[in-house]
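**Student:** Okay, handing you the structure first.
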Amino acid sequence: MGVGRPLNVLLVGSGGREHAIAWKLRQSDNLGRLFTAPGNAGTAELGENIPVRDTDISGLLASARNLDIGLTFVGPEAPLAAGVVDAFTADGRLIFGPTRAAARLESSKVWAKQFMSRHGIPTAKATAFRSAVDALAYIDRMPENDAVIKADGLAAGKGVVVANSKTEAREAVRAVFSGGLPSDAVSQVLVEQKLSGPEVSVFAFVDGEHVSAEVAACDYKRVGDGDTGPNTGGMGAYSPPEFWTPDLASRIRREILEPAASGMVNDGSLYHGVLYAGLMVTRDGPRVIEFNCRLGDPEAQVVLPQLDCDLLELALAVAERRLPGTAVRWQSRPHVGVVLASGGYPGKYETGFEIEGLEKAAPAIVFHAGTKRADGKLLTSGGRVLSIVAAGSTVTEARLAACAAAAKISFKNAIFRRDIGLRAGPQVVRGVTVPRPGSR
Ligand code: AMP
Ligand code: GLY
């Protein structure tokens with residue numbers, strides 16, 4: 001099925017994920033003009049950025065009307081949770097992503113737990129509390145090192161504490177109820193059983209009951225090599241994981257992805273868009289840690305280069321409810337993505353530093369995140385600045401290529417992890433040293 005005529009697209013978001021989406025959309029013969037709201041210096045090279053915030057729904061809608069947009073593609077979760085899909089649909093506009101009600105799979109951890117329990121989807125046991133006193137009493141009765149504390153709403157990665165003792169669990173509960181998080185994240189807390197095993201992000205396109213072929217990636221959340229330091233939005237990713245077998249994939253499909261899609265149909269909140277299952281592969285099988293309602297960042301940067309079909313066609317097929325007739329294929333070619341971040345991230349960091357050496361990174365792909373152009377110069381403008389993505393015949397080869405490319409790019413105080421994908425392959429490749437990031 002074809003788009004038929006060039007289609008103008010509005011892409012919502014401004015991160016590395018959105019640059020990767022824009023890059024993949026650009027490969028379509030049917031893409032007309034591409035606008036990104038608000039975008040970054042990378043998306044500006046592939047289309048036009050428009051100065052509209054990603055959660056400014058009326059601004060986005062006005063832009064779609066003025067710019068003759070045929071399809072809107074939503075990258076991040078915040079606009080989905082705010083109802084951008086509902087608003088566009090009510091206006092008769094095609095948009096890719098789940099409605100506000102369906103996005104509760106991500107925007108309310110309590111709702112998502114109840115959903116999983118209703119539909120028999122395997123997940124960590126958890127109990128929800130509306131008061132600190134009750135949660136604290138419950139923690140007293142738990143084994144010492146067993147609690148994960150989760151604030152209910154969207155908290156930009158800050159709502160989860162994997163506690164190493166009851167003292168840490170208690171502190172986390174008190175922190176949730178003492179107002180340190182965005183207001184929509186404080187009304188309830190989940191106390192969840194701690195699981196262990198490798199973690200994996202699994203993505204599929206979903207259109208009602210129909211679930212496309214899935215793809216998997218592993219994300220690195222901690223800022224430092226060897227999983228040290230604080231949690232971040234993600235410092236890199238690789239795909240496919242070394243433990244990703246056809247058996248595991250089909251078990252996840254059967255036990256998690258398909259029941260989630262049909263559960264949403266049964267509950268009357270049909271899901272359309274990318275479903276992201278964050279899983280832990282425990283000794284008892286895969287368990288859901290969280291559902292998200294979008295592509296991951298930085299996972300998108302390593303999975304979209306493996307998508308062996310036209311993303312514009314695919315997104316349009318989901319928006320027009322005809323995914324079952326559309327083939328979705330993923331190459332299984334190792335990709336590693338390394339995030340170059342501003343030193344100090346995820347805490348305080350400075351921006352406005354000139355970025356140099358991008359032209360030396362090829363054949364690695366450079367996806368922008370926190371970048372902007374001023375007076376012809378490319379400058380840092382955020383914590384995560386760039387994702388450098390390389391392919392190889394093994395994850396090790398891809399990792400070495402991504403690290404070597406990342407080291408050719410420089411800006412003041414640049415940091416990156418050199419161990420993205422290391423666990424998938426040999427610890428050291430003899431004779432090859434991975435250079436340190438350039439800095440001036
Ligand atoms: P989330 O925001 O739900 O993705 O959680 C952030 C991170 O906390 C996850 O990526 C896991 O590494 C960890 N985590 C969340 N829930 C659990 C759990 N039940 N057991 C162990 N680790 C967890
Ligand atoms: N990579 C984690 C996320 O996108 O939520």
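**Student:** Please identify every one of the trypsin sites (Lys or Arg not before Pro) in region 5-87 that sits in a loop by DSSP and has no more than 16 other beta carbons within 10 Å of its own beta carbon. Intermediate results must be reported in sequence, preceding the final value.
**Tutor:** Numbers: sites: ARG17, LYS24, ARG26, ARG33, ARG53, ARG65; in loops: ARG53.
Within region 5-87, the qualifying trypsin sites (Lys or Arg not before Pro) (loop, at most 16 other Cβ atoms within 10 Å) are ARG53.
**Student:** Follow-up question, since we're still on this one. About the Cα centre, and with charges only on the beta carbon of Lys, Arg (+1) and Asp, Glu (-1), how big is the dipole of region 207-364? Nearest 20 debye, please. Display every interim value, and only then the final one.
**Tutor:** Values: 14 positive and 23 negative charges, 58 e Å.
For region 207-364, the charge dipole is close to 280 debye.
**Student:** For the chain, set up a Gaussian network in which alpha carbons nearer than 10 Å are linked by springs, and say which option among ASP140, ASP207, ASP86 fluctuates the most.
**Tutor:** Between ASP140, ASP207, ASP86, it is ASP140 that shows the largest mean-square fluctuation.
**Student:** Could you point to the residue in PRO298, GLY97, VAL206 farthest towards the positive end of the chain's charge dipole, with +1 and -1 charges on the Cβ of Lys/Arg and Asp/Glu respectively?
**Tutor:** Looking along the dipole axis, the top candidate is PRO298.
**Student:** Pick out, from GLY268, VAL338, THR282, the residue whose Cα sits farthest towards the positive end of the charge dipole of region 255-363, with +1 on the Cβ of Lys and Arg and -1 on the Cβ of Asp and Glu.
**Tutor:** Toward the positive end, the furthest listed residue is THR282.
**Student:** In µm²/s, what is D for region 254-333 at 4 °C and 1.567 mPa s, where D = kT/(6 pi eta Rh) by Stokes-Einstein and Rh is the Kirkwood radius from Cα pairs? Display every interim value, and only then the final one.
**Tutor:** On the way: Rh = 14.3 Å.
After rounding, the answer is 91 µm²/s.
**Student:** When only alpha-carbon atoms are used, what values of Rg and Dmax, in angstrom, describe region 1-157?
**Tutor:** When restricted to the Cα atoms of region 1-157, Rg and Dmax are 19.8, 63 Å.
**Student:** So for region 83-140, Kirkwood radius off the Cα pairs, Stokes-Einstein at 10 °C and 1.306 mPa s: how many µm² s⁻¹? Mind dumping the intermediate values first?
**Tutor:** Working: Rh = 13.8 Å.
Value of D from the Cα-based Kirkwood radius: 115 µm²/s.
**Student:** Hey, another quick one. Quickly estimate the mean residue ellipticity at 222 nm for the chain, helices only: each DSSP H run with n ≥ 4 gives -39500 (n - 2.57), and the total goes over all residues, rounded to 500.
**Tutor:** On the way: 14 runs with 117 residues, N = 440.
Roughly -7500 deg cm²/dmol at 222 nm, from the helical runs in the chain.
**Student:** Still on this structure: What net charge is computed for the residues neighbouring TYR138, neighbours being all others with C-beta under 13 Å from the C-beta of TYR138, Lys and Arg scored +1, Asp and Glu -1? Can you show the working numbers first?
**Tutor:** On the way: positive: LYS125, ARG130, ARG141, LYS166, ARG170; negative: ASP134, ASP140, ASP146, GLU192.
Cβ neighbours under 13 Å give a net charge of +1.
**Student:** For region 183-257, with only Lys/Arg (+1) and Asp/Glu (-1) charged at the beta-carbon, what is the dipole magnitude about the Cα centre, in debye rounded to 20? Walk me through the numbers on the way to the answer.
**Tutor:** Numbers: 6 positive and 12 negative charges, 25 e Å.
The dipole magnitude comes to about 120 debye.
**Student:** Tell me, what is the Rg over Rh of region 348-413, with Rh the Kirkwood radius over Cα pairs? Write down the numbers at each step before the final one.
**Tutor:** On the way: Rg = 12.6 Å, Rh = 12.4 Å.
Dividing the radius of gyration by the Kirkwood radius yields 1.02.
**Student:** Which aspartates and glutamates have a Cα less than 18 Å from the Cα of LYS24, not counting those fewer than 8 places away in the same chain?
**Tutor:** Partners found: GLU45, GLU48, GLU214, ASP297, GLU299, ASP308, ASP310, GLU313.
**Student:** Could you tell me what percent of the accessible area of the chain is made up of carbon and sulfur, with a 1.4 Å probe and every protein chain present? List each step's numbers first, then the result.
**Tutor:** On the way: 8710 of 17770 Å².
About 49 percent, which is the carbon plus sulfur part of the accessible surface.
**Student:** Which value, in Å to one decimal place, does the Kirkwood hydrodynamic radius take for the chain when every pair of different Cα atoms is included?
**Tutor:** Numbers: mean 1/r = 0.0451 Å⁻¹.
Taking every pair of different Cα atoms in the chain, averaging 1/r and inverting gives 22.2 Å.
**Student:** Looking at the chain, what % of its DSSP beta bridges pair antiparallel, to the nearest 5?
**Tutor:** On the way: 61 of 77 bridges.
Looking only at bridges with both residues in the chain, the antiparallel portion is about 80 percent.
**Student:** Arrange the residues GLU313, GLU168, GLU192 by how much accessible surface each exposes, largest first, with a 1.4 angstrom probe.
**Tutor:** Details: GLU313 25, GLU168 70, GLU192 5 Å².
Final ranking, largest accessible area leading: GLU168, GLU313, GLU192.
**Student:** Roughly what would the spin-label model give for ASP29 and ASP225, points 7 Å off Cα along C-beta, in nm?
**Tutor:** According to this spin-label approximation, the distance is 4.7 nm.
The values are calculated or read from the model by the stated rules, or taken from the named source; none is laboratory data. What you see is a predicted model, and the numbers here were worked out from it, not measured in a lab. No Cβ is skipped: glycine too gets one built from the backbone with ideal geometry, and neighbour counts run over all protein chains shown. Only protein heavy atoms, including side chains, enter the accessible area calculation; ligands, DNA and RNA are left aside. Shrake-Rupley method; radii C 1.70, N 1.55, O 1.52, S 1.80 Å.
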